[in-house]
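Asker: Pasting a structure here, questions to come.
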Amino acid sequence: MLLMYYATRTCTLLPKRSETLSLLADENIDQRLVSSLRLAGISVYSVAESATGITDEEVMGLSKDLGALILTDDKDFGEIVFRKQRSCPGIVLLRLTGVDYSCKADQVIQVIKKYGSEMIGKFVVITAERVRIRKFLPGAK
């Protein structure tokens, strides 16, 4: 069973539109990043804490069950969404190799601050230079 952690303090940077936004951190996401996001007031479920070893397809199903966007650095989710046309509440792909976890957390927080619920149903790619947002294909299952 996954446990939901609530931060002990809230971040004043986050607008109201992101209050209902939850993330499901894939197993490959550094737990220090997960902790930083929680401290910023973001609800984060963690696969590494409660469901290690599940497949990407199972992560997609869990994301649907929880109503949470998947936070990952695994490009395979792009294949699942666009080639296999599977759907989930949304995916945030981190392309920040070599970037310190605290900087990653800052970037994710800023993206949530800027886009909030607009990320739902989208494939969001965060790089050091930019943020790309793409809608899922129509007819995704």
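Asker: Under 5 Å between amide H atoms, partner at least 5 residues away or on a different chain: which partners does V92 have, H built in plane at 1.01 Å?
Answerer: I70, L71, T72, V124
Asker: If you don't mind, there's one more thing I want to ask. Please turn the phi angles of region 125-130 into ³J(HN,Hα) values with the Karplus equation 6.51 cos²θ - 1.76 cosθ + 1.60 (θ = phi - 60°), one per residue in order, whole Hz, x for glycine and proline.
Answerer: 10, 10, 10, 5, 9, 7
Asker: DSSP loop trypsin sites (Lys or Arg not before Pro) in region 22-129 with at most 15 other Cβ atoms within 10 Å of their Cβ, which ones?
Answerer: Working: sites: R32, R38, K64, K75, R83, K84, R86, R95, K104, K113, K114, K122; in loops: K75, K84, R86.
Here the sparse-neighbourhood loop sites are K75, K84.
Asker: Using 0.36 nm per residue of separation minus the Cα-Cα distance, give me the extension gain between A48 and E27 in nm, one decimal.
Answerer: Values: separation 21, 0.36 × 21 = 7.56 nm, distance 0.46 nm.
The span from A48 to E27 would gain 7.1 nm if fully extended.
Asker: Then there is this: One-quarter of the Cα convex hull surface for region 18-135, in nm²?
Answerer: Numbers: hull surface 25.8 nm².
Approximately 6.4 nm², given one-decimal rounding.
Asker: If you put +1 on each Lys and Arg Cβ and -1 on each Asp and Glu Cβ, how big is the dipole of region 18-135 around its Cα centre, in Debye rounded to 20? Walk me through the numbers before you get to the answer.
Answerer: Numbers: 16 positive and 17 negative charges, 123 e Å.
Using only the charged Cβ atoms, the result is roughly 600 debye.
Asker: A further question on this structure: Could you tell me which of L96, A25, I120 has its Cα farthest along the dipole of region 18-135 towards the positive end, charges placed at Cβ (Lys, Arg +1; Asp, Glu -1), taken about the Cα centre?
Answerer: Farthest towards the positive end: I120.
Where a number appears in this text, it was derived from the coordinates with a stated rule and is not lab data. Predicted, not measured: the structure shown is a model, and the values here were computed from it. In this analysis, Cβ positions are derived from the backbone assuming ideal geometry, glycine residues included, and neighbour counts consider all displayed protein chains.
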